[in-house]
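Reviewing the structure listed below.
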Amino acid sequence: MSLTAVEYEERRVRLDRDLSRNAVRRLLTDHAEYGGWELARLRRYRDGTREAWMRRKIIRMRRVA
């Protein structure tokens, strides 16, 4: 049995302050449902902008001889 580390692809999404909470929720839900992304971190800044860190697993296919 071999232990392999899980690798993730990461993406940072900057969200404008004019977006409502529902609009942000819909956008992140679409990323999750259609792109396979999961929310790793969400940060809101004092000026009202938000930054979301999204990640998804990198699936590597093993070669079968």
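The values are calculated or read from the model by the stated rules, or taken from the named source; none is laboratory data. From a predicted model like this one, the values you see are computed outputs, not experimental measurements. FYI the Cβ positions are ideal-geometry reconstructions off the backbone, even for glycines, and counts take in every protein chain you see.
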Taking region 1-45, which residues are within 30 Å of residue 62 (Cα to Cα) and of a type in the set (A, V, I, L, M)? 1, 3, 5, 6, 32, 39, 40
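Okay, residues lined up against (1) at pLDDT 95 or above; (2) in contact with a Phe, Trp or Tyr (Cβ under 7 Å, 6 or more places away or on another chain):
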site	(1), (2)
3	no, no
22	yes, no
28	no, no
31	no, yes
59	no, no
Say whether the condition of being hydrophobic (A, V, I, L, M, F, W, C), exposed (fewer than 10 other Cβ atoms within 10 Å of the Cβ) and more than 10 Å from the chain's Cα centre (by Cα) is met by at least one residue in region 27-37. no
